[in-house]
Amino acid sequence: MNFFESFPDPAPPPEPPPTPPRPTWLKPVATLPAAMAENAIIIRDERLAIAVGGLSAYPNGFEFSIHIRVRDRENLIDPFGHRRRRDYLRDSSGGELDDPEHNLRLGILFADGRRTASNQPHRLRPDSDPDPDTLVMQRGHSSGGGTSYDMSYWIHPLPPAGPLTIVLSWLAQDITEVRHELDGSKIRAAAEKAVRLWPEPRSGA
């Protein structure tokens, strides 16, 4: 017996822990959503326009985008607070705008009273699974600069039948609050047309 053969065989590695199932609140990645023609201009004046568009329904929620356009880039403060220019941080009265509440705020109100807003914490861990009735909002993809910005939002779960209200506030642009209603029943009906391609991957996939 040579030197190396005199050592005992190493113990086999432990079995990896089972991968938990994918949380029900996450946007599906193995499903083709049903697109809806729910484009609407919420605000439009001589300097600014804000619209809702690109609504897509999934079996467990829906996604939509906020589109912002301005006529003059000097009138635009980054609506989502990603980039802030010090010379823009004043409101019409000369007050400082170095306050997150002056970013564009988005709220969602379901017909049954459940509500959430973009200025509230939504940092759910990927392995967490809150009560299935909890209303979750997550920012998605964003793009823009100059005179245009776009931001997508994921909402879980599907809304109940009745009005679904989108609430906008943007104090930096002197917009205290505006509301736009969608039909929760239409979103639920569209979600039935979403196509599940195959089972969703588990959390660790």
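Below is a table of values for the structure above.
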| read-out | value |
| --- | --- |
| Per residue value of the accessible surface for segment 6-51 (all protein chains in place, 1.4 Å probe), Å² | 71 Å² |
| Order of exposure, largest accessible area first, which applies to 134, 165 with probe 1.4 Å | 134, 165 |
| Amide proton proximity set for residue 61, modelled H, under 5 Å, gap of 5+ | 158 |
| Largest-first ellipsoid semi-axes for segment 1-48, taking √(5λ) over the Cα gyration tensor eigenvalues, angstrom | 63, 16, 10 |
| For segment 193-202, Karplus couplings with θ = phi - 60° (6.51, -1.76, 1.60), whole Hz, Gly/Pro x | 9, 5, 10, 7, 7, 6, x, 5, x, 7 |
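The values are calculated or read from the model by the stated rules, or taken from the named source; none is laboratory data. All of these numbers come straight from a predicted model, not from anything done at the bench. Areas reflect the complete protein model, heavy atoms only, side chains present, ligands, DNA and RNA absent. Shrake-Rupley method; radii C 1.70, N 1.55, O 1.52, S 1.80 Å.
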